[in-house]
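Notes follow the structure.
The values are calculated or read from the model by the stated rules, or taken from the named source; none is laboratory data. Fair warning: this is a prediction, and the values are worked out from it, not measured in the lab. Glycine also receives a Cβ, built like all others from the backbone with ideal geometry; neighbour counts cover every protein chain displayed.
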Protein chains: 4
Amino acid sequence: MAATERLVIAGKAYDSRLLVGTGKYQDFDETRRAIEASGANIVTVAIRRTNIGQKAGEPNLLDAIPPSRFTILPNTAGCYTADDAVRTLRLARELLDGHSLVKLEVLGDPKTLFPNMPETLAAAKTLVAEGFQVMAYCSDDPILTLQLEELGCVAVMPLASLIGSGMGIVNPWNLQIILDRAKVPVLVDAGIGTASDAAIAMELGCDGVLMNTAIALAKDPVRMARAMKLAVEAGREAFLAGRMAKKPYEASPSSPTSGMIE
Amino acid sequence: MAATERLVIAGKAYDSRLLVGTGKYQDFDETRRAIEASGANIVTVAIRRTNIGQKAGEPNLLDAIPPSRFTILPNTAGCYTADDAVRTLRLARELLDGHSLVKLEVLGDPKTLFPNMPETLAAAKTLVAEGFQVMAYCSDDPILTLQLEELGCVAVMPLASLIGSGMGIVNPWNLQIILDRAKVPVLVDAGIGTASDAAIAMELGCDGVLMNTAIALAKDPVRMARAMKLAVEAGREAFLAGRMAKKPYEASPSSPTSGMIE
Amino acid sequence: MAATERLVIAGKAYDSRLLVGTGKYQDFDETRRAIEASGANIVTVAIRRTNIGQKAGEPNLLDAIPPSRFTILPNTAGCYTADDAVRTLRLARELLDGHSLVKLEVLGDPKTLFPNMPETLAAAKTLVAEGFQVMAYCSDDPILTLQLEELGCVAVMPLASLIGSGMGIVNPWNLQIILDRAKVPVLVDAGIGTASDAAIAMELGCDGVLMNTAIALAKDPVRMARAMKLAVEAGREAFLAGRMAKKPYEASPSSPTSGMIE
Amino acid sequence: MAATERLVIAGKAYDSRLLVGTGKYQDFDETRRAIEASGANIVTVAIRRTNIGQKAGEPNLLDAIPPSRFTILPNTAGCYTADDAVRTLRLARELLDGHSLVKLEVLGDPKTLFPNMPETLAAAKTLVAEGFQVMAYCSDDPILTLQLEELGCVAVMPLASLIGSGMGIVNPWNLQIILDRAKVPVLVDAGIGTASDAAIAMELGCDGVLMNTAIALAKDPVRMARAMKLAVEAGREAFLAGRMAKKPYEASPSSPTSGMIE
């Protein structure tokens, strides 16, 4: 299928609306094969957990996922304060030669991985002032996502459900409000469990979907990566096509009843 | 995506797991363009409503959807008794030169279009005895779908929700029981509203999906047809890939917490 | 709360819209205490599993649940054919001195306990002809429930979900169609798991709810029986009160915004 | 039913776990009759919209809902900043002779009435310092509700869905996390549409439910108030009773299959 329109973040266009993580794979080779099957252009990397050059002599993710082919999106997974997150992304910028597009996540606690929104807002403010292009993982709070946008974030990334839960889109109503108001791209980040979850996110009008566990912990990650690629395209096409109205009852036959051939 | 395995019905293999109807389009040209975009191999036609040769001199659907390229699946939409349905399919067999693969539907009333299952069972018995290969539209009753299979139907086609309702898959539990037991293909027929509905059906393990209204009444039917093609493939791939387990709570981080780079 | 209107089945009025079973309790004393807490007037008894006099010298349920205080509703749990069910209810009529109100259930298989609808229809026909007042456990098929009514059943009892599953009301849409058309009482039978499930059934407009496992297998069955009594009353009152319309979005403040005190 | 345990907020015990508002009724008489039917002890009043003495010579709500019989809970509906909310509650304290139990709500915008959480946190801090006992309307964010608790709020009141929407409990998972962690009472505030919604909130383990529109905009508000009273009691009893486990499939018969009477 020819992509008829592209995802634009911070002025740069991408062919794929599926963004993927790099955690939980068996090895860098499986990571590479899954990411290739996903068709993703943007690949997010947990700077505090993944070697992208900090540890000389150890396997480097960037050998498997070269920045020449992929947009590497450093993230702050594992950070629980604004300070930690800011420090981590400054390090990432150094490691990645001045790269400024980053994914901010400041977590509330290690058990739910729910975002700490006040710390997220504080970190976003600092990072924007330092010239970062901030994509912000956040709750599905329509007031706070708007505040992130006003602070200058280039994208907001509300969770569909808890990170790693695979519970899908629990509250489509909040997402709808966010989508109705946002002027920056809205990407669902966290909670996708299977292909239909990704399709639903796109059908709601989301600009993209970011996922990791749903692919990495599928029985066959490469095949699931392909399923997700198709699902994101399917959901986007369905959104653009404009679905039929739901009619809970009063079913109408598929053909007009007048003029039936008896 | 290369199809790695095919749908087999009555001993014949098909590349696509998406079956489509021909009703509710503006004209035969729109019908043709949507069906081509859907990638469907099997196209179902309401014999009592559509001209496939009964009315000489009027536009013939088979000029737009030629039997040389598509498997035409005559159906009995608009029939409310076993007798009517049997008579209609005998006529179809004549019109289609002995073609024996048919879709049986015997409706309970014109308002819900819910199947009349006793009449469906009666018709299936007669049709199988007369050499038809019967794909049967039915309720999601796991006992009755098994009876249809025992009568010799080559596929069972439970509704996801009412015909033309677009309500999606209301009762996945009944479908699951049917899928766990059936030895013939199970295709969801009726109720699909958008791409994710089709993906969900396939993720449950259905062998295929049949739809009409969701495509024909989308704002852009051709684009929705393409969305449905992708969604059916996405759902099938996700089913084969084996999804991650759902974890409502106790989210686990996308990377192991041991060995974090501080 | 004073009951403002009563449930009428086969011409007889009952104060309570909650019907209960007698299985799965620890002993007849617990059965008695739970049933008293439930406020039920009609108590259903599995004739093939429970001693109501067939076995002289063994504990008799009717000593705990005396027919002088409760309407005993014999049921055919464990029957898989129309013949078995009819035979069982003839026996019940003898044991209960000509009692004619019965609950028919003919099951499809021991694993799902889903009803076998053709056998149920056949048994209903025979039983009505023999003068029984038949309340029929059935699927939520709106065509078949109407056929049961046309055969002369005094109530139809569609399942909410599988017997003993506690999954609640899976398909409210089918129930709604049944309720819109039925002229006999419609009682949800099977699938209730907790109090809100019973309330939802009543809010849909059901005339009553029958349950067993949800009470008997609660940690505190007597307390759950009381919860169910309250829930059925709550749901009925809410149905009669007429709920507010849902407004997914565009929330309106609880008070008019004009004339605010600044 | 005798209440076996009571709701305790800020050291004071209440018989009823249902809290109600006073907006949207036709007149103060209907307000009074509905509130009496609800059995509520705590009645919340929008200080900026309702006359409780600010306007001499106009009808005063406190004549219908006398503070001698009800705990009046002043709220800040219509406030969009922490300053506004604080000012409004200082006024309320004057009007109500030093009454310190208040409901804080700081809204994000007039269209969704979603809470503005940073402003809510700021107001809570000030109000607690000034000796108010603050019950805080909030989003269902488990990190922020904990912060409200740490600031000294005596209860947290997450929304079930948007104020006035009647959409019920959209995200039970977030509520569950909040309930698992909170040491102060958790009351669902906003979004309840009908009786079963209230029962579900209580079954999750909430300490209480606050509602207004669901009662005031029912066709028969007094009857709906009674339904809500019963539903809250039903849900609480069901929670305490401990529901049966859900078994999506593999239904078990209501009685042991061994020892069947043939």
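Restricting attention to region D:64-94, the residues that are hydrophobic (A, V, I, L, M, F, W, C) and in contact with a strand residue (DSSP E or B) (Cβ under 8 Å, 6 or more places away or on another chain) total 9. Total residues in region A:80-110 satisfying the condition of being touching an Asp or Glu at 6+ places or on another chain (Cβ under 7 Å) and among the hydrophobic types (A, V, I, L, M, F, W, C): the figure is 2.
Condition test on residue B:261, is it at pLDDT below 95, within 7 Å of chain A (Cβ to nearest Cβ) and under 14 Å from the mean Cα position of the chain (by Cα)?
no
Against the conditions (1) under 14 Å from the mean Cα position of the chain (by Cα); (2) outside any loop (DSSP other than H, G, I, E, B), residue B:91 satisfies every one except (1).
Scanning region D:42-62 for residues that are farther than 19 Å from residue D:85 by Cα and touching a helix residue (DSSP H, G or I) at 6+ places or on another chain (Cβ under 7 Å) gives D:59, D:61. For region D:75-86, the set of residues classified as of a type in the set (Ser, Thr, Tyr) and either buried (at least 23 other Cβ atoms within 10 Å of the Cβ) or part of a helix (DSSP H, G or I) (or both) consists of D:76 only.
Residues considered: C:21, C:11. Of these, the only one that is modelled with pLDDT of 90 or more and buried (at least 23 other Cβ atoms within 10 Å of the Cβ) is C:21. Give just the number: which of (1) under 20 Å from residue B:201 (Cα atoms); (2) modelled with pLDDT under 95 does residue A:201 not satisfy? All conditions are met except number (2).
Conditions (1) part of a helix (DSSP H, G or I); (2) surrounded by 23 or more Cβ atoms within 10 Å (Cβ to Cβ); (3) of a type in the set (A, V, I, L, M, F, W, C); (4) in contact with a Ser or Thr (Cβ under 8 Å, 6 or more places away or on another chain), marked per residue:
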site	(1), (2), (3), (4)
C:29	yes, no, no, no
C:32	yes, no, no, no
C:52	no, no, yes, no
C:57	no, no, no, no
C:69	no, no, no, no
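Can you tell me which residues in region C:176-205 are buried (at least 22 other Cβ atoms within 10 Å of the Cβ), of a type outside the set (Asp, Glu), farther than 19 Å from residue C:24 by Cα and within 14 Å of chain D (Cβ to nearest Cβ)? Selection gives C:188, C:196, C:198, C:199, C:200, C:201, C:202. Within region C:54-82, the residues that satisfy the criterion of being without any contact (Cβ under 8 Å) to a residue 24 or more places away in the chain and of a type outside the set (A, V, I, L, M) are C:55, C:57, C:58, C:60, C:66, C:68, C:69. Would you pick out the residues in region D:215-231 that are crowded, with 21+ Cβ neighbours inside 10 Å and more than 7 Å from chain C (Cβ to nearest Cβ)? Within region D:215-231, D:215, D:216, D:221, D:225, D:228, D:229 meet the criteria. Residues in region A:98-126 that are in contact with a helix residue (DSSP H, G or I) (Cβ under 8 Å, 6 or more places away or on another chain), of a type in the set (Gly, Ala, Ser) and either part of a helix (DSSP H, G or I) or over 19 Å from residue B:247 (Cβ atoms) (or both): A:100, A:122, A:123, A:124.
Scanning region A:127-147 for residues that are surrounded by 18 or more Cβ atoms within 10 Å (Cβ to Cβ) and either of a type outside the set (A, V, I, L, M) or in contact (Cβ under 8 Å) with a residue 60 or more places away in the chain (or both) returns A:132, A:133, A:135, A:137, A:138, A:139, A:140, A:141, A:142, A:145, A:147.
For region C:127-151, the tally of residues that are outside any helix (DSSP H, G or I) and either closer than 24 Å to residue B:81 by Cβ or within 12 Å of another protein chain (Cβ to nearest Cβ) (or both) stands at 6.
Hey, among the residues in region B:87-123 that are buried (at least 22 other Cβ atoms within 10 Å of the Cβ) and more than 14 Å from chain C (Cβ to nearest Cβ), which one's modelled with the lowest pLDDT? Step by step, filter region B:87-123, then rank; the result is B:92.
For region D:33-57, residues that are basic (Lys, Arg) and at pLDDT 95 or above total 1. For region A:146-165, the condition holds for at least one residue, the condition being that it is closer than 29 Å to residue B:201 by Cα, out of contact with any strand residue (DSSP E or B) (no Cβ under 9 Å at 6 or more places or on another chain) and not hydroxyl-bearing (Ser, Thr, Tyr).
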